[in-house]
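Structure first, then comments.
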Amino acid sequence: FHVLATAPTIPHPASMPGSVFCARNSFTQRLMALSALHPGVVRVYSEILNQAKGGCELYLSSVEKFPWLKGLNVWEAGQYFANAVLMGWIENSSKKPTVLIRPETHQMIPDKAELILLSSNANIVCRKFRIQGLEKPEALKIVRINSHEQLFETPSSTLTWSTKPQAIILNFKDQRNLLRRLDALAAKNTKILVHTEYPDVSLPRLTRTKVEVRSGPLLDERALEALPIQHCKCVVVPDSCEKNRDSDSRVIAAINMVLQARKKTPQTERLHVVASLQDPANVDVLTNALAGEHITLDTVLHDDLEMGAIVQMLSSPNLQAVYNDILDSSESEIRLVDAMEFVSPGQELSFGDLTARVRKAHAILLGTMKASKKLHLAPHRAKKLKLESGDFLVVI
(Lines give C-alpha, C1' and ligand atoms only; values in the text may rest on other atoms or scores of the structure.)
Protein backbone atom coordinates (compact mmCIF):
# COMPACT_ATOMS: atom_id res chain seq x y z
CA PHE A 1 0.00 0.00 0.00
CA HIS A 2 1.02 3.62 -0.25
CA VAL A 3 0.39 6.68 1.89
CA LEU A 4 -0.83 9.99 0.48
CA ALA A 5 -0.85 13.03 2.75
CA THR A 6 -1.17 16.80 2.57
CA ALA A 7 1.25 18.90 4.60
CA PRO A 8 2.24 22.59 4.88
CA THR A 9 5.74 21.65 3.64
CA ILE A 10 7.05 18.57 1.86
CA PRO A 11 9.43 16.36 3.89
CA HIS A 12 12.49 14.81 2.27
CA PRO A 13 11.45 11.66 0.31
CA ALA A 14 14.05 9.54 2.12
CA SER A 15 12.42 10.27 5.49
CA MET A 16 9.23 8.36 4.62
CA PRO A 17 9.78 5.97 1.68
CA GLY A 18 6.61 4.76 -0.05
CA SER A 19 4.69 7.91 0.86
CA VAL A 20 3.42 10.62 -1.47
CA PHE A 21 3.07 14.15 -0.06
CA CYS A 22 1.08 16.99 -1.57
CA ALA A 23 1.77 20.51 -0.31
CA ARG A 24 -1.39 22.06 1.11
CA ASN A 25 -3.05 24.49 -1.33
CA SER A 26 -0.24 23.86 -3.82
CA PHE A 27 -2.58 23.11 -6.73
CA THR A 28 -4.76 26.13 -5.98
CA GLN A 29 -1.92 28.64 -5.87
CA ARG A 30 -0.26 27.39 -9.06
CA LEU A 31 -3.60 27.31 -10.85
CA MET A 32 -4.36 30.90 -9.79
CA ALA A 33 -1.05 31.98 -11.30
CA LEU A 34 -1.86 30.25 -14.59
CA SER A 35 -5.32 31.82 -14.58
CA ALA A 36 -3.81 35.27 -14.11
CA LEU A 37 -1.75 34.77 -17.25
CA HIS A 38 -4.28 32.78 -19.29
CA PRO A 39 -7.89 33.78 -18.51
CA GLY A 40 -10.39 30.93 -18.80
CA VAL A 41 -7.92 28.06 -18.51
CA VAL A 42 -8.98 27.44 -14.90
CA ARG A 43 -12.19 25.88 -16.23
CA VAL A 44 -10.17 23.16 -17.95
CA TYR A 45 -8.11 22.29 -14.88
CA SER A 46 -11.22 22.40 -12.70
CA GLU A 47 -13.00 19.80 -14.82
CA ILE A 48 -9.96 17.51 -14.86
CA LEU A 49 -9.46 17.75 -11.10
CA ASN A 50 -13.15 17.72 -10.15
CA GLN A 51 -14.76 14.35 -9.50
CA ALA A 52 -18.13 15.37 -10.96
CA LYS A 53 -19.98 12.71 -12.94
CA GLY A 54 -19.46 13.01 -16.68
CA GLY A 55 -16.30 15.09 -16.40
CA CYS A 56 -12.88 14.21 -17.76
CA GLU A 57 -10.01 12.82 -15.70
CA LEU A 58 -6.40 11.88 -16.25
CA TYR A 59 -5.67 8.16 -16.34
CA LEU A 60 -2.40 6.25 -16.34
CA SER A 61 -2.26 2.97 -18.25
CA SER A 62 0.70 0.70 -18.92
CA VAL A 63 1.66 0.47 -22.58
CA GLU A 64 1.97 -3.27 -22.05
CA LYS A 65 -1.84 -3.39 -22.24
CA PHE A 66 -1.53 -2.03 -25.78
CA PRO A 67 1.62 -3.70 -27.21
CA TRP A 68 0.76 -2.58 -30.76
CA LEU A 69 1.60 1.00 -29.69
CA LYS A 70 5.23 0.25 -28.85
CA GLY A 71 7.67 1.97 -31.18
CA LEU A 72 5.18 4.72 -32.13
CA ASN A 73 5.42 8.38 -31.19
CA VAL A 74 2.67 10.19 -29.29
CA TRP A 75 1.10 11.60 -32.45
CA GLU A 76 0.87 8.20 -34.16
CA ALA A 77 -0.31 6.30 -31.09
CA GLY A 78 -2.98 8.88 -30.34
CA GLN A 79 -4.85 7.88 -33.50
CA TYR A 80 -5.63 4.45 -32.02
CA PHE A 81 -7.68 5.80 -29.10
CA ALA A 82 -11.39 6.29 -29.78
CA ASN A 83 -12.50 7.99 -26.55
CA ALA A 84 -9.29 9.36 -25.03
CA VAL A 85 -6.53 11.86 -25.79
CA LEU A 86 -2.96 10.61 -25.44
CA MET A 87 -0.93 13.44 -23.87
CA GLY A 88 2.39 11.68 -23.27
CA TRP A 89 3.86 9.11 -20.92
CA ILE A 90 5.79 8.46 -17.73
CA GLU A 91 9.06 6.56 -17.72
CA ASN A 92 9.69 4.60 -14.52
CA SER A 93 13.20 3.44 -15.33
CA SER A 94 14.73 5.56 -12.56
CA LYS A 95 13.82 6.13 -8.90
CA LYS A 96 11.98 9.33 -9.83
CA PRO A 97 9.35 9.05 -12.58
CA THR A 98 10.11 11.12 -15.67
CA VAL A 99 7.08 12.83 -17.23
CA LEU A 100 7.01 13.59 -20.96
CA ILE A 101 4.04 15.71 -22.06
CA ARG A 102 3.79 16.41 -25.80
CA PRO A 103 7.07 14.59 -26.63
CA GLU A 104 8.98 15.31 -29.83
CA THR A 105 8.15 13.25 -32.93
CA HIS A 106 11.46 11.37 -32.75
CA GLN A 107 10.70 10.14 -29.21
CA MET A 108 9.07 6.72 -29.28
CA ILE A 109 6.95 5.18 -26.53
CA PRO A 110 9.26 3.10 -24.27
CA ASP A 111 8.47 -0.54 -23.52
CA LYS A 112 7.73 0.07 -19.81
CA ALA A 113 5.98 3.42 -20.08
CA GLU A 114 2.75 4.49 -18.41
CA LEU A 115 0.57 6.35 -20.91
CA ILE A 116 -1.04 9.62 -19.79
CA LEU A 117 -4.62 9.69 -21.09
CA LEU A 118 -7.43 12.23 -20.80
CA SER A 119 -10.89 10.69 -20.97
CA SER A 120 -14.42 10.99 -19.61
CA ASN A 121 -14.66 7.19 -19.46
CA ALA A 122 -12.52 4.88 -17.35
CA ASN A 123 -13.09 2.17 -19.97
CA ILE A 124 -10.62 3.55 -22.50
CA VAL A 125 -10.91 2.12 -25.99
CA CYS A 126 -7.68 1.56 -27.91
CA ARG A 127 -8.18 0.03 -31.36
CA LYS A 128 -5.65 -2.19 -33.08
CA PHE A 129 -5.94 0.02 -36.14
CA ARG A 130 -5.76 3.77 -36.67
CA ILE A 131 -9.07 5.60 -36.51
CA GLN A 132 -9.10 7.54 -39.74
CA GLY A 133 -10.59 10.99 -40.07
CA LEU A 134 -13.82 11.63 -41.93
CA GLU A 135 -12.35 14.16 -44.38
CA LYS A 136 -9.99 13.76 -47.29
CA PRO A 137 -6.31 14.34 -46.35
CA GLU A 138 -6.03 17.45 -48.50
CA ALA A 139 -8.77 19.08 -46.41
CA LEU A 140 -6.60 18.98 -43.30
CA LYS A 141 -4.41 21.94 -44.20
CA ILE A 142 -4.35 24.71 -41.61
CA VAL A 143 -6.47 27.73 -42.46
CA ARG A 144 -4.15 30.21 -40.73
CA ILE A 145 -1.98 30.13 -37.65
CA ASN A 146 -0.57 33.60 -36.99
CA SER A 147 2.38 33.00 -39.33
CA HIS A 148 4.30 30.78 -36.91
CA GLU A 149 4.48 26.99 -36.93
CA GLN A 150 4.33 26.30 -33.20
CA LEU A 151 1.79 27.59 -30.72
CA PHE A 152 4.34 27.50 -27.94
CA GLU A 153 7.31 29.32 -29.45
CA THR A 154 6.16 32.75 -28.23
CA PRO A 155 4.53 33.61 -24.89
CA SER A 156 0.83 34.51 -24.90
CA SER A 157 0.20 36.04 -21.52
CA THR A 158 -1.93 38.81 -20.07
CA LEU A 159 1.08 39.88 -17.99
CA THR A 160 3.67 41.67 -20.09
CA TRP A 161 6.46 43.98 -19.06
CA SER A 162 5.40 47.45 -17.97
CA THR A 163 6.71 50.21 -15.70
CA LYS A 164 3.37 50.08 -13.86
CA PRO A 165 2.08 47.07 -11.88
CA GLN A 166 0.50 44.50 -14.17
CA ALA A 167 -0.96 42.41 -11.36
CA ILE A 168 -2.12 43.17 -7.83
CA ILE A 169 -2.40 40.40 -5.26
CA LEU A 170 -4.76 41.23 -2.40
CA ASN A 171 -5.17 39.30 0.87
CA PHE A 172 -1.63 37.92 0.60
CA LYS A 173 -0.43 35.84 3.52
CA ASP A 174 1.77 32.88 2.63
CA GLN A 175 0.89 32.09 -1.00
CA ARG A 176 4.52 31.64 -2.00
CA ASN A 177 3.75 29.16 -4.79
CA LEU A 178 1.48 31.76 -6.39
CA LEU A 179 4.33 34.26 -6.59
CA ARG A 180 6.81 31.62 -7.77
CA ARG A 181 4.60 30.64 -10.72
CA LEU A 182 3.93 34.26 -11.68
CA ASP A 183 7.66 34.90 -11.52
CA ALA A 184 8.36 31.94 -13.80
CA LEU A 185 5.67 32.64 -16.40
CA ALA A 186 5.24 36.42 -16.63
CA ALA A 187 7.40 38.53 -18.89
CA LYS A 188 10.73 39.55 -17.41
CA ASN A 189 10.64 42.72 -15.26
CA THR A 190 6.86 42.58 -14.91
CA LYS A 191 5.80 44.56 -11.81
CA ILE A 192 3.55 42.87 -9.26
CA LEU A 193 2.08 44.67 -6.27
CA VAL A 194 1.33 42.60 -3.17
CA HIS A 195 -1.10 43.98 -0.59
CA THR A 196 -1.07 42.23 2.78
CA GLU A 197 -2.47 42.67 6.26
CA TYR A 198 0.62 41.05 7.74
CA PRO A 199 3.64 43.36 8.27
CA ASP A 200 6.17 40.51 8.48
CA VAL A 201 5.12 38.62 5.35
CA SER A 202 7.88 36.51 3.76
CA LEU A 203 8.39 36.45 -0.01
CA PRO A 204 10.15 33.71 -1.99
CA ARG A 205 13.27 34.45 -4.01
CA LEU A 206 12.14 35.91 -7.34
CA THR A 207 14.39 36.32 -10.36
CA ARG A 208 12.22 37.71 -13.19
CA THR A 209 9.46 39.86 -11.71
CA LYS A 210 9.67 42.97 -9.54
CA VAL A 211 7.45 42.86 -6.46
CA GLU A 212 6.37 45.77 -4.29
CA VAL A 213 4.76 45.01 -0.91
CA ARG A 214 2.24 47.29 0.78
CA SER A 215 0.74 46.61 4.20
CA GLY A 216 -2.63 47.67 5.52
CA PRO A 217 -6.21 46.50 6.19
CA LEU A 218 -7.79 44.54 3.33
CA LEU A 219 -11.29 46.00 3.64
CA ASP A 220 -10.25 49.63 3.74
CA GLU A 221 -11.77 51.66 0.92
CA ARG A 222 -9.11 54.38 1.05
CA ALA A 223 -6.29 51.82 1.06
CA LEU A 224 -7.68 50.05 -2.01
CA GLU A 225 -8.27 53.34 -3.83
CA ALA A 226 -4.60 54.19 -3.26
CA LEU A 227 -3.55 51.08 -5.18
CA PRO A 228 -2.88 51.60 -8.94
CA ILE A 229 -5.88 49.46 -9.89
CA GLN A 230 -6.67 51.58 -12.94
CA HIS A 231 -3.33 50.59 -14.55
CA CYS A 232 -3.17 46.86 -13.81
CA LYS A 233 -4.50 44.05 -15.97
CA CYS A 234 -5.20 41.48 -13.30
CA VAL A 235 -6.26 41.39 -9.65
CA VAL A 236 -5.71 38.12 -7.78
CA VAL A 237 -7.54 37.55 -4.49
CA PRO A 238 -6.64 34.34 -2.64
CA ASP A 239 -8.82 33.29 0.28
CA SER A 240 -7.40 33.11 3.77
CA CYS A 241 -7.02 29.30 3.54
CA GLU A 242 -8.73 29.17 6.94
CA LYS A 243 -11.94 27.24 7.51
CA ASN A 244 -14.33 30.01 8.48
CA ARG A 245 -17.44 31.45 6.91
CA ASP A 246 -15.96 34.94 6.76
CA SER A 247 -13.20 34.00 4.29
CA ASP A 248 -15.37 34.12 1.15
CA SER A 249 -17.17 37.23 2.39
CA ARG A 250 -13.86 39.08 2.69
CA VAL A 251 -12.82 38.02 -0.83
CA ILE A 252 -16.13 39.17 -2.33
CA ALA A 253 -16.08 42.44 -0.37
CA ALA A 254 -12.52 43.19 -1.55
CA ILE A 255 -13.45 42.59 -5.18
CA ASN A 256 -16.51 44.81 -4.86
CA MET A 257 -14.27 47.57 -3.50
CA VAL A 258 -11.94 47.11 -6.47
CA LEU A 259 -14.95 47.47 -8.76
CA GLN A 260 -16.05 50.70 -7.05
CA ALA A 261 -12.50 52.11 -7.24
CA ARG A 262 -12.35 51.42 -10.99
CA LYS A 263 -15.66 53.19 -11.56
CA LYS A 264 -14.15 56.46 -10.34
CA THR A 265 -11.74 56.51 -13.29
CA PRO A 266 -12.70 56.03 -16.98
CA GLN A 267 -11.53 52.56 -18.08
CA THR A 268 -10.62 51.33 -21.55
CA GLU A 269 -8.96 47.99 -20.77
CA ARG A 270 -10.79 44.99 -19.41
CA LEU A 271 -9.69 43.86 -15.94
CA HIS A 272 -9.21 40.17 -15.22
CA VAL A 273 -10.05 39.02 -11.68
CA VAL A 274 -8.94 35.69 -10.20
CA ALA A 275 -10.59 34.75 -6.91
CA SER A 276 -10.21 31.74 -4.64
CA LEU A 277 -13.38 30.68 -2.83
CA GLN A 278 -14.39 27.91 -0.45
CA ASP A 279 -18.16 27.71 -0.98
CA PRO A 280 -19.36 26.88 -4.54
CA ALA A 281 -22.55 28.89 -3.90
CA ASN A 282 -20.47 32.06 -3.71
CA VAL A 283 -19.32 31.68 -7.32
CA ASP A 284 -22.78 32.78 -8.51
CA VAL A 285 -22.82 35.59 -5.94
CA LEU A 286 -19.55 37.00 -7.28
CA THR A 287 -20.48 36.40 -10.93
CA ASN A 288 -23.74 38.31 -10.51
CA ALA A 289 -21.96 41.17 -8.71
CA LEU A 290 -19.63 41.65 -11.69
CA ALA A 291 -22.25 41.14 -14.41
CA GLY A 292 -22.26 43.92 -16.97
CA GLU A 293 -18.93 45.31 -15.82
CA HIS A 294 -15.78 45.54 -17.96
CA ILE A 295 -14.31 42.63 -15.97
CA THR A 296 -13.63 38.96 -16.64
CA LEU A 297 -13.73 36.54 -13.71
CA ASP A 298 -12.07 33.20 -12.97
CA THR A 299 -12.90 31.45 -9.70
CA VAL A 300 -10.89 28.68 -8.07
CA LEU A 301 -12.64 26.42 -5.54
CA HIS A 302 -9.59 25.21 -3.69
CA ASP A 303 -11.33 22.54 -1.56
CA ASP A 304 -12.78 20.86 -4.66
CA LEU A 305 -9.47 21.04 -6.53
CA GLU A 306 -7.30 19.76 -3.70
CA MET A 307 -9.65 16.89 -2.82
CA GLY A 308 -10.12 15.97 -6.48
CA ALA A 309 -6.37 15.72 -6.94
CA ILE A 310 -5.98 13.61 -3.80
CA VAL A 311 -8.71 11.16 -4.87
CA GLN A 312 -7.06 10.69 -8.27
CA MET A 313 -3.60 10.25 -6.78
CA LEU A 314 -4.87 7.62 -4.36
CA SER A 315 -5.43 5.25 -7.27
CA SER A 316 -2.43 6.46 -9.33
CA PRO A 317 0.34 8.01 -7.18
CA ASN A 318 2.38 8.92 -10.28
CA LEU A 319 -0.35 11.39 -11.27
CA GLN A 320 1.26 13.84 -8.84
CA ALA A 321 4.28 14.03 -11.15
CA VAL A 322 1.94 14.64 -14.11
CA TYR A 323 0.09 17.47 -12.36
CA ASN A 324 3.37 19.01 -11.24
CA ASP A 325 4.51 19.01 -14.86
CA ILE A 326 1.42 20.59 -16.40
CA LEU A 327 1.14 23.18 -13.61
CA ASP A 328 4.84 24.05 -13.38
CA SER A 329 6.30 23.68 -16.85
CA SER A 330 5.86 26.54 -19.31
CA GLU A 331 6.28 23.98 -22.12
CA SER A 332 3.49 21.68 -20.89
CA GLU A 333 0.84 24.14 -19.78
CA ILE A 334 -2.71 23.97 -21.06
CA ARG A 335 -3.76 26.91 -23.22
CA LEU A 336 -6.83 28.27 -24.97
CA VAL A 337 -6.30 29.32 -28.59
CA ASP A 338 -8.67 30.96 -31.05
CA ALA A 339 -10.49 28.21 -32.94
CA MET A 340 -10.59 30.41 -36.04
CA GLU A 341 -6.84 29.83 -36.40
CA PHE A 342 -7.71 26.31 -37.56
CA VAL A 343 -11.23 26.39 -39.02
CA SER A 344 -13.53 28.76 -40.85
CA PRO A 345 -16.64 30.03 -39.02
CA GLY A 346 -19.39 27.42 -39.09
CA GLN A 347 -17.15 24.71 -40.51
CA GLU A 348 -17.72 21.17 -39.24
CA LEU A 349 -14.82 18.82 -38.54
CA SER A 350 -14.51 15.56 -36.65
CA PHE A 351 -12.45 15.74 -33.48
CA GLY A 352 -9.93 13.42 -35.16
CA ASP A 353 -9.52 15.71 -38.16
CA LEU A 354 -9.24 18.80 -35.96
CA THR A 355 -6.59 16.97 -33.93
CA ALA A 356 -4.62 16.45 -37.14
CA ARG A 357 -4.70 20.17 -37.89
CA VAL A 358 -3.53 21.09 -34.40
CA ARG A 359 -0.77 18.51 -34.67
CA LYS A 360 0.74 20.55 -37.52
CA ALA A 361 1.26 23.31 -34.92
CA HIS A 362 3.11 20.81 -32.72
CA ALA A 363 0.36 20.83 -30.10
CA ILE A 364 -2.07 18.22 -28.78
CA LEU A 365 -5.79 19.01 -28.93
CA LEU A 366 -7.61 18.24 -25.66
CA GLY A 367 -11.04 19.61 -26.53
CA THR A 368 -13.03 22.76 -27.21
CA MET A 369 -14.53 25.64 -25.25
CA LYS A 370 -17.50 27.46 -26.77
CA ALA A 371 -17.93 31.23 -26.49
CA SER A 372 -20.63 30.43 -23.91
CA LYS A 373 -17.83 28.84 -21.79
CA LYS A 374 -19.25 25.34 -22.32
CA LEU A 375 -16.33 22.93 -22.17
CA HIS A 376 -16.03 19.63 -24.05
CA LEU A 377 -12.86 17.66 -23.38
CA ALA A 378 -11.75 14.44 -25.09
CA PRO A 379 -14.81 13.76 -27.24
CA HIS A 380 -14.94 10.67 -29.46
CA ARG A 381 -12.58 11.03 -32.42
CA ALA A 382 -15.49 10.65 -34.86
CA LYS A 383 -17.65 13.33 -33.18
CA LYS A 384 -18.45 16.24 -35.45
CA LEU A 385 -17.64 19.67 -34.05
CA LYS A 386 -19.02 22.95 -35.41
CA LEU A 387 -16.99 25.95 -34.33
CA GLU A 388 -17.83 29.63 -34.60
CA SER A 389 -16.05 32.92 -33.99
CA GLY A 390 -15.41 33.32 -30.26
CA ASP A 391 -14.86 29.61 -29.66
CA PHE A 392 -11.57 28.23 -28.38
CA LEU A 393 -9.50 25.09 -28.76
CA VAL A 394 -8.00 23.59 -25.60
CA VAL A 395 -4.42 22.52 -26.38
CA ILE A 396 -1.30 21.43 -24.62
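The single condition among (1) surrounded by 19 or more Cβ atoms within 10 Å (Cβ to Cβ); (2) within 23 Å of the chain's Cα centre (by Cα); (3) among the hydrophobic types (A, V, I, L, M, F, W, C); (4) not in a strand (DSSP E or B) that Ile192 does not meet is (4). I'm checking my understanding of the structure. Among residues of the stretch 277-306 that are part of a helix (DSSP H, G or I) and free of Cβ contacts under 8 Å to residues at least 24 places away in the same chain, which one is farthest from Glu91 (Cα to Cα)? So, considering only residues that are part of a helix (DSSP H, G or I) and free of Cβ contacts under 8 Å to residues at least 24 places away in the same chain, the one farthest from Glu91 (Cα to Cα) is Asn288. Scanning the stretch 344-363 for residues being in a loop (DSSP other than H, G, I, E, B) and open to solvent by less than 10 Å² (accessible area, probe 1.4 Å) gives a total of 2.
Of the residues that make up the stretch 149-159, is at least one of a type in the set (S, T, N, Q) and at pLDDT 90 or above?
Quick first cut of the stretch 149-159, residues of a type in the set (S, T, N, Q) only: 150, 154, 156-158.
Now restrict to residues that are at pLDDT 90 or above: none.
Within the stretch 149-159, none of the residues are of a type in the set (S, T, N, Q) and at pLDDT 90 or above.
Residue check: Ala36 meets all listed conditions (1) modelled with pLDDT of 90 or more; (2) in contact with a Ser or Thr (Cβ under 8 Å, 6 or more places away or on another chain); (3) of a type in the set (A, V, I, L, M); (4) over 19 Å from Thr368 (Cβ atoms) but one, namely (1). Among residues of the stretch 322-336 that are in a helix (DSSP H, G or I), those with a beta-carbon under 6 Å from a residue that is at pLDDT 80 or above at least six positions away or on a different chain give the pairs Val322/Val99; Val322/Ile116; Asp325/Val99; Asp325/Ile101; Leu327/Arg30. If we keep just the residues of the stretch 303-342 that are more than 23 Å from Ser372 (Cα to Cα) and in contact with an Asp or Glu (Cβ under 7 Å, 6 or more places away or on another chain), which is modelled with the highest pLDDT? Here the answer is Asn318. Only one of the listed residues (Arg180, Arg208, Arg176) is touching a residue at least 12 places away in the same chain (Cβ under 8 Å), over 18 Å from Pro238 (Cα atoms) and not polar (S, T, N, Q). That residue is Arg208.
For the stretch 364-396, the candidate set comprises residues that are within 23 Å of Glu333 (Cα to Cα) and charged (D, E, K, R); within that set, the residue that is least open to solvent (accessible area, probe 1.4 Å) is Asp391. The requirement of being touching a Lys or Arg at 6+ places or on another chain (Cβ under 7 Å), surrounded by 19 or more Cβ atoms within 10 Å (Cβ to Cβ) and modelled with pLDDT of 90 or more is fulfilled nowhere in the stretch 117-135; no residue meets it. Among residues of the stretch 53-73 that are in contact (Cβ under 8 Å) with a residue 40 or more places away in the chain and under 19 Å from Ser315 (Cβ atoms), those with a Cβ under 9 angstrom from a residue that is charged (D, E, K, R) and crowded, with 18+ Cβ neighbours inside 10 Å, sequence gap 6+ or separate chain, pair up as Gly55/Glu47; Cys56/Glu47; Glu57/Glu47; Leu60/Glu114; Ser61/Glu114; Ser62/Glu114; Val63/Glu114.
The values are calculated or read from the model by the stated rules, or taken from the named source; none is laboratory data. Note that the structure is predicted; figures quoted are calculated from it, not measured. Note that we place each Cβ from the backbone using ideal geometry, even for glycine, and neighbour counts take in every protein chain shown. Protein only, heavy atoms only, side chains kept; ligands, DNA and RNA dropped before computing areas. Shrake-Rupley method; radii C 1.70, N 1.55, O 1.52, S 1.80 Å.
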